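Undergrad: Sharing a structure with you now.
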Amino acid sequence: MCGGHKEPGHTTFSTDLGDGLVVVRHVPALICDQCGEEWIDNKTAQQLEGIVLEARQKKHQLEVLSL
Ligand SMILES: [Zn+2]
């Protein structure tokens, strides 16, 4: 905690699965106005998990989605 304020905003989540890269844009998050640290809530994290699972099965080189 740096003492900054958490402001609601959007971030880009990306993860490298080894045989593919998944990028999810417009992910709602709380973003610290001082250090830029991001917090994603549990519901959103679960959505991301589902997206990553699906992407893993498709085995695409690159998957870019929006929430
Ligand atoms: Zn901070």
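The values are calculated or read from the model by the stated rules, or taken from the named source; none is laboratory data. Since this is a predicted model, take the numbers as computed values, not measurements. The accessibility values were calculated without ligands, DNA or RNA, using every heavy atom of the protein model including side chains. Shrake-Rupley method; radii C 1.70, N 1.55, O 1.52, S 1.80 Å.
Undergrad: Probe radius 1.4 Å, ligands and nucleic acids left out: which of Thr12, Thr44 has the largest accessible area, and how do the rest follow?
TA: Thr12, Thr44
Undergrad: Subtracting the Cα-Cα distance from 0.36 nm times the residue separation, let me have the gained length for Val52 to Ser66 in nm, one decimal. Could the numbers behind the result be given before it?
TA: On the way: separation 14, 0.36 × 14 = 5.04 nm, distance 1.25 nm.
Stretched out fully, the Val52 to Ser66 stretch lengthens by 3.8 nm.
Undergrad: Output the antiparallel fraction of DSSP beta bridges having both residues in the chain, as a percent to the nearest 5.
TA: Taking every DSSP beta bridge within the chain, about 70 percent pair in antiparallel fashion.
Undergrad: I'd like the orientation of helix 42-58 relative to the chain: the angle between its Cα long axis and the longest Cα principal axis, in ° from 0 to 90, rounded to 10.
TA: Its long axis makes an angle of about 20 degrees.
Undergrad: Send over the per residue convex hull volume for the chain, Cα only, as a whole number of Å³. Could the numbers behind the result be given before it?
TA: Values: hull volume 5.6 nm³, N = 67.
Roughly 83 Å³ of hull volume per residue.
Undergrad: State the extension gain, in nm to one decimal, for the chain segment bounded by Lys59 and Asp41, taking 0.36 nm per residue of separation less the distance between their alpha-carbons.
TA: Length gained between Lys59 and Asp41: 3.8 nm.
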